[in-house]
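First up is the structure itself, then whatever we jot down about it.
Computed from the coordinates by the stated procedures, all read-outs in this text should not be read as laboratory data. What you see is a predicted model; the values in this text were computed from it and never measured. Every residue, glycine among them, receives a Cβ derived from its backbone with ideal geometry; neighbour counts consider all protein chains shown.
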Amino acid sequence: MKLRDHAVGTAVAAFVFGAATAGYAAEDREWSYEGPKGPEHWSEIGSEFAACGSGREQSPIDLQRTHAAEPEEIEISWQAFGPEVVNNGHTIQANAPAGSYTTFDGKRYDLLQLHFHHKSEHTLDGKQLPMEAHFVHKSAQGDLLVLGVFLVPGQANGALRTILDNAPQSKGTRKVEAAIDLETLVPDDSAIFRYAGSLTTPPCSEIVSWVVYDRPVEVSPVQIEAFAELYPNNFRPTQSTNRRFILFGF
Ligand SMILES: [Zn+2]
């Protein structure tokens, strides 16, 4: 268990999440990251994807270090586990068994899965980074907490190695017995960005409390290449911030 002091201001109370019942669950309509089913057309694919076009609190966004926030606590309580590694046609995802959770804003969110994007979805002061990991959590009420971590070239990461070594090369699932420690994919002593947003894939439901870490985590260039061979381009472009507050601080 790691305790991290993180910034979340009193303005958090002003965030209003979309209906917790909005479906983020599997919707099998085909979509992609380019061409006629690409991000600019997601809202036309079906009425259940309407938020992708008309939503006012969409993700990802460009993050700027402007609104300093009062510190608040985020506490990650993840156990090491042998993941179920899924190639779902849009990304490589590692499903977590029950038992890992994060407490944020005094509320418990259970870890469901993590997955990756190449290149990053959020940008930092307009700059896109090589990769981004998303740790998806869900509360008992149905709203989501996603922790976003930028991945940059450097030392290899053992957890990512286990996931990539076991990733099916086409759509499919593989159960892995070897336990991985996901906390090695979260930076220590990092400031965070905090804002209210959405899923970055259809149906783009606006039910996500986003926490994105300012400091990146290193993975090896070979690991980035290995992921990019499977998914060279699985990021949604940044969306308008509109009138949202983006809080930043330690
Ligand atoms: Zn994601």
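In table form, for the structure just shown:
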read-out	value
For E44: the one exception among (1) more than 16 Å from the ligand (Cβ to nearest atom); (2) crowded, with 19+ Cβ neighbours inside 10 Å	(2)
Cβ pairs under 8 Å, 6+ apart, first in the stretch 151-168 and closer than 16 Å to H117 by Cα, second of a type in the set (K, R)	A167/R174
Members of the stretch 212-228 found to be among the aliphatic types (A, V, I, L, M), surrounded by fewer than 24 Cβ atoms within 10 Å (Cβ to Cβ) and out of contact with any helix residue (DSSP H, G or I) (no Cβ under 6 Å at 6 or more places or on another chain), listed by number	V222, I224, A228
Candidate set: the stretch 90-122, residues that are of a type in the set (A, V, I, L, M, F, W, C) and outside any loop (DSSP other than H, G, I, E, B); chosen: the one farthest from the ligand (Cβ to nearest atom)	F104
Residue within the stretch 123-138 that is small (G, A, S), over 15 Å from R194 (Cβ atoms), within 16 Å of the ligand (Cβ to nearest atom) and touching a Lys or Arg at 6+ places or on another chain (Cβ under 7 Å) present	no
Which numbered condition F150 fails, given (1) surrounded by 15 or more Cβ atoms within 10 Å (Cβ to Cβ); (2) over 14 Å from the mean Cα position of the chain (by Cα)	(2)
Complete set of residues in the stretch 143-159 that are part of a strand (DSSP E or B) and of a type outside the set (V, I, T)	L144, L145, L147, G148, F150, L151, P153
